[in-house]
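A short write-up of the structure that comes next.
The values are calculated or read from the model by the stated rules, or taken from the named source; none is laboratory data. These numbers come from a predicted model, not from an experiment. All Cβ positions, glycine included, derive from the backbone under ideal geometry; neighbour counts span all protein chains shown. Each accessible area value is taken on the protein alone, full model and side chains, heavy atoms only, with ligands, DNA and RNA left out. Shrake-Rupley method; radii C 1.70, N 1.55, O 1.52, S 1.80 Å.
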Amino acid sequence: MKIREIVEKIDGKIISGQDKLDVEVERGFAADLLSDVLALTEEKACLITGITGPQVIRVAEVLDIPLIIIARGKQPSKALVEAAKLSGIPVVLTQKTVFETCGILYTNGVKPCKIKILQGGEDTNTCLNVD
Amino acid sequence: MGNEKVRLVYRIKAMDLANAGAASSHVKSELQKYGIEEEVVKRVGIICFEAEMNMILYSVGGKLKVEANSNSVEIFAEDNGPGIEDLEKAMQPGYSTAPPWAQDYGFGAGMGFPNMKQNSDVFEVESAPGVGTKIHAIIYRRKENEAK
């Protein structure tokens, strides 16, 4: 899906990276904890989240995340908006929930990404590759 | 490129949430300039980010140092306290001591150390309560080192 189509389908508002509307997004991932996002190193996936602090932009820079969608009508902090504009990473705001946003992207062909699950508990070193 | 040495040093301030992640982001763009492989840069970025966040949230402040040469990238994160009481627990995925307010910022997944270890070829932590925590990570550059 092109970012342009995503914005349209989720009734979104793009607040940064407007020059990247034609960028194709193939995969998606949803998380509200930054470390869970950082555990996702396999591919360039868009992030659907409720995080509104500027740190999410830094994470996107580190991971080459092509698009951040801030869901359920949450308002990004001023610092996030400034960081997003400086970095040029597209940020889209939507009133829809994370669940609905994911559903819309999924039905339109955006795929999930492979993740590595680090197991907690006794065997802390196990690492599973999950499709 | 390749034979040049890169050395980056950042001072990380405690509770400086506004700039959280800025050092890691800078590390990434600098390493890219030196032509370091994309996959290596990403792993370094993740380790730096987690280390930077730990220092901001849990320490009184410290230093983040990144050194790169043709074989590897090394990360040193050293803070001045208060140190980690139970390092074994801190290494467990999901274990977090983050206060509730930090969770609203997206912190406290309890994946900091596991993420760092996961992305390192060599990963060492030394911590003494009352003294501080030292993290040392090495990432080998694949082209020159086919060891893995």
### Task
Test B:Val27 against the criterion of being touching a residue at least 24 places away in the same chain (Cβ under 8 Å), of a type outside the set (Gly, Ala, Ser) and within 9 Å of chain A (Cβ to nearest Cβ), and give yes or no.
yes
### Conditions (1) surrounded by fewer than 15 Cβ atoms within 10 Å (Cβ to Cβ); (2) at pLDDT below 95; (3) under 20 Å from B:Ala23 (Cα atoms): number failed by B:Lys89
(3)
### Query
Would a scan of the stretch B:62-81 turn up a residue that is in contact with a helix residue (DSSP H, G or I) (Cβ under 6 Å, 6 or more places away or on another chain), more than 14 Å from chain A (Cβ to nearest Cβ) and among the charged types (D, E, K, R)?
yes
### Query
Among B:Met116, B:Met111, which is the only one that is modelled with pLDDT of 95 or more, buried (at least 21 other Cβ atoms within 10 Å of the Cβ) and either more than 25 Å from A:Thr52 (Cβ to Cβ) or at the interface with chain A (Cβ under 10 Å from one of its Cβ atoms) (or both)?
B:Met116
### Query
Which of (1) open to solvent by less than 20 Å² (accessible area, probe 1.4 Å); (2) more than 11 Å from chain A (Cβ to nearest Cβ); (3) over 18 Å from B:Ala14 (Cβ atoms) is the odd one out, the single condition B:Gly106 does not satisfy?
(2)
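Could you please find all residues in the stretch B:27-41 being out of contact with any strand residue (DSSP E or B) (no Cβ under 7 Å at 6 or more places or on another chain) and either surrounded by fewer than 18 Cβ atoms within 10 Å (Cβ to Cβ) or among the hydroxyl-bearing types (Ser, Thr, Tyr) (or both)?
Looking only at the stretch B:27-41, we keep the residues that are out of contact with any strand residue (DSSP E or B) (no Cβ under 7 Å at 6 or more places or on another chain), and these are B:28-29, B:32-33, B:35, B:37-39, B:41.
Result: B:Ser29, B:Gln32, B:Lys33, B:Gly35, B:Glu37, B:Glu38, B:Glu39.
If you take the residues in the stretch A:15-37 that are among the aliphatic types (A, V, I, L, M) and surrounded by fewer than 18 Cβ atoms within 10 Å (Cβ to Cβ), which one is farthest from B:Met111 (Cα to Cα)? Steps first, please.
Initially, the stretch A:15-37 is screened for residues among the aliphatic types (A, V, I, L, M), giving A:15, A:21, A:23, A:25, A:30-31, A:33-34, A:37.
With the extra rule that they be surrounded by fewer than 18 Cβ atoms within 10 Å (Cβ to Cβ), the set shrinks to A:15, A:21, A:23.
On the way: A:Ile15: 30, A:Leu21: 33, A:Val23: 31 Å.
The extreme case among them is A:Leu21.
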### Message
For the stretch B:77-95, check the following and say yes or no: at least one residue is under 21 Å from A:Ile65 (Cα atoms) and without any contact (Cβ under 8 Å) to a residue 40 or more places away in the chain.
### Response
no
### Query
Of all residues in the stretch B:43-61 being over 9 Å from the mean Cα position of the chain (by Cα), without any contact (Cβ under 8 Å) to a residue 60 or more places away in the chain and within 13 Å of another protein chain (Cβ to nearest Cβ), which is surrounded by the fewest Cβ atoms within 10 Å (Cβ to Cβ)?
B:Leu57
